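Novice: Let me give you the structure first, and then I'll get to my questions.
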Amino acid sequence: MTLLNEAQATAATSLTPAAFAAAEAHSAHNYHPLEVVISHAEGAWVTDVDGRHCLDMLAGYSALNFGHGHPALLSAAREQLDKVTLTSRAFVHDQFAEFTARLAAMCGKDMVLPMNTGAEAVETAIKVARKWGYDVKGVPADQAEIIVMAGNFHGRTTTIVGFSDDADARDGFGPFAPGFVMVPYADLAAIEAAITPNTVAVLVEPIQGESGVVIPGDDFLIGLRELCTRENVLFAADEIQAGLGRTGYTFACDHAGVKPDMYILGKALGGGIVPVSAVVADRDVLGVIGPGQHGSTFGGNPLACAVGTAVIELLETGEFQARAEALGQVLRDRLLAMVGKGIVGFRSRGLWAGVDIDPAVGTGREICERLLARGVLAKDTHGSTIRLAPPLVIAEEDLHWALDQLEAAVSE
């Protein structure tokens with residue numbers, strides 16, 4: 001049988017088209033997924049319904065920093081499943097104290113407010129910042145302002161998309177909440193000019209992931225820390241994608257040696273098993289929230305805390321930060337060699353890269369489809385850019401193999 005006939009025979013017996021169609025039939029089309037239906041995963045590899053193996057170079061937008069099914073995380077989850085999974089915060093459970101104490105210590109802060117999804121954590125940070133502004137800074141009632149960045153991505157709630165400049169996220173969902181002032185990303189002068197007596201916080205991603213892994217100079221975060229301190233404004237860092245080992249440090253802010261007033265965490269904090277998010281800050285900030293003023297039935301549940309504590313234990317070893325740094329250099333060197341050969345540029349930090357595809361060779365979506373055909377999973381953004389963010393457990397030879405496939409895909 002020829003290779004062409006083999007490919008035709010495989011296509012004829014594939015379970016993927018029917019499984020993909022079934023998944024699309026009764027679901028809202030709020031995503032445009034690649035045509036792959038995953039049934040099993042381990043480490044950096046997934047297997048689809050046809051038994052085809054693919055290398056995961058997206059890692060759930062950094063939710064899977066520790067890979068699929070990390071043994072320590074699965075063990076923590078399984079052990080907790082046999083005990084208690086949910087109490088609500090009306091009662092205290094025996095996993096809560098350790099999780100909050102260890103997360104606070106890892107961040108160098110006093111207090112933790114646990115939630116579930118990243119968007120919930122951002123919403124929590126917005127509420128905390130406003131409450132702090134009224135109770136501590138003395139901003140007049142309902143006049144609090146938060147400075148946000150152009151190109152931001154903090155989630156998809158109506159409040160959050162109201163201060164997005166992404167038309168797909170924003171258009172058709174108004175009216176929007178007031179109180180947000182947008183400035184160009186990483187423009188210190190613009191932030192300073194936008195600060196008024198009613199400014200309570202600057203909300204910023206230390207690296208903008210959805211925009212294509214846009215990385216400011218370290219002097220921006222240093223300057224922002226100084227500016228917020230001088231002007232009595234909270235520095236709220238959305239580390240949901242950038243944090244927890246992805247960039248070679250525990251937090252992306254660590255590259256600049258700065259500490260925000262509020263860490264906003266999510267994704268990898270749940271180990272790819274359960275949604276876990278949190279706002280972490282000192283007592284003079286998070287202490288403004290009292291009983292009945294904020295909450296979540298599932299936030300800080302026993303299963304989430306058990307998994308979250310296991311994630312913190314992994315990060316405390318420093319192994320994953322070191323892997324991200326070392327393999328990130330491999331990623332950078334390989335991408336640098338591709339510039340001018342189907343790639344017009346890239347930005348990377350740690351094991352995370354935004355790669356700009358030469359429009360002459362295809363769109364970002366088309367390159368991701370070619371990569372899928374070669375057994376690599378990646379995701380496009382903003383037309384011509386693809387994001388690479390493999391699990392931090394990826395083997396170096398597998399990383400090289402994935403980049404070989406990228407090199408081939410942009411040469412077709």
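Novice: Select, from Leu303, Leu351, Leu327, the only residue that is buried (at least 19 other Cβ atoms within 10 Å of the Cβ), farther than 24 Å from Pro206 by Cα, in contact with a helix residue (DSSP H, G or I) (Cβ under 7 Å, 6 or more places away or on another chain) and not polar (S, T, N, Q).
Specialist: Being buried (at least 19 other Cβ atoms within 10 Å of the Cβ), farther than 24 Å from Pro206 by Cα, in contact with a helix residue (DSSP H, G or I) (Cβ under 7 Å, 6 or more places away or on another chain) and not polar (S, T, N, Q) holds for just one of Leu303, Leu351, Leu327, which is Leu303.
Novice: With Asp187, Asp168 as the choices, which residue is charged (D, E, K, R), more than 21 Å from the chain's Cα centre (by Cα) and either more than 30 Å from Gly270 (Cβ to Cβ) or at pLDDT below 95 (or both)?
Specialist: Details: Asp168 fails: more than 21 Å from the chain's Cα centre (by Cα).
Answer to the selection: Asp187.
Novice: Taking the range 347-367, which residues are without any contact (Cβ under 8 Å) to a residue 24 or more places away in the chain and more than 16 Å from Thr381 (Cβ to Cβ)?
Specialist: Ala360
Novice: Count, please, the residues in the range 153-167 that happen to be in a loop (DSSP other than H, G, I, E, B) and among the hydrophobic types (A, V, I, L, M, F, W, C).
Specialist: The qualifying residues number 2.
Novice: Just the residues that are free of Cβ contacts under 8 Å to residues at least 24 places away in the same chain, under 23 Å from Ala268 (Cβ atoms) and loosely packed, with under 15 Cβ neighbours inside 10 Å, please, taken from the range 373-400.
Specialist: Let us first name the residues in the range 373-400 that are free of Cβ contacts under 8 Å to residues at least 24 places away in the same chain, namely 373, 380, 383, 397.
Still in the list and also under 23 Å from Ala268 (Cβ atoms): 380.
Selection gives nothing.
Novice: Is it true that Pro359 is part of a loop (DSSP other than H, G, I, E, B) and closer than 18 Å to Ala59 by Cβ?
Specialist: Considered against the rule, which asks whether it is part of a loop (DSSP other than H, G, I, E, B) and closer than 18 Å to Ala59 by Cβ, Pro359 comes out as no.
Novice: If you take the residues of the range 224-239 that are of a type outside the set (Gly, Ala, Ser) and not in a helix (DSSP H, G or I), which of them is farthest from the chain's Cα centre (by Cα)?
Specialist: That would be Asn232.
Conditions tested, residue by residue: (1) in the same structural domain as Lys267 (by TED's automatic domain parsing); (2) assigned to a helix (DSSP H, G or I).
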site: Asp50; (1), (2): no, no
site: Cys54; (1), (2): no, no
site: Gln80; (1), (2): yes, yes
site: Thr85; (1), (2): yes, no
site: Ser88; (1), (2): yes, no
site: His93; (1), (2): yes, no
site: Glu98; (1), (2): yes, yes
site: Arg102; (1), (2): yes, yes
site: Lys109; (1), (2): yes, no
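Novice: Further question: Counting only residues that are hydrophobic (A, V, I, L, M, F, W, C) and part of a loop (DSSP other than H, G, I, E, B), how many does the range 284-300 have?
Specialist: Of the residues in the range 284-300, 3 are hydrophobic (A, V, I, L, M, F, W, C) and part of a loop (DSSP other than H, G, I, E, B).
Novice: Okay, moving on. Which residue, of Val330, Val311, is in a helix (DSSP H, G or I), touching an Asp or Glu at 6+ places or on another chain (Cβ under 8 Å) and within 30 Å of Met106 (Cβ to Cβ)?
Specialist: Just one listed residue meets the conditions, Val330.
Novice: Could I ask something else about it? Regarding the range 240-263, can at least one residue be identified that is farther than 30 Å from Ile343 by Cα, of a type in the set (Phe, Trp, Tyr) and either outside any strand (DSSP E or B) or touching a residue at least 60 places away in the same chain (Cβ under 8 Å) (or both)?
Specialist: Keep residues of the range 240-263 that are farther than 30 Å from Ile343 by Cα, which gives 257-263.
Now restrict to residues that are of a type in the set (Phe, Trp, Tyr): 263.
Now drop any that are not either outside any strand (DSSP E or B) or touching a residue at least 60 places away in the same chain (Cβ under 8 Å) (or both), which leaves 263.
Yes, that holds for at least one residue.
The values are calculated or read from the model by the stated rules, or taken from the named source; none is laboratory data. Everything numeric in this text was worked out from a predicted model, so none of it was measured. When we count neighbours, we look across all protein chains shown, and the Cβ atoms used for this are built from the backbone with ideal geometry, even at glycine.
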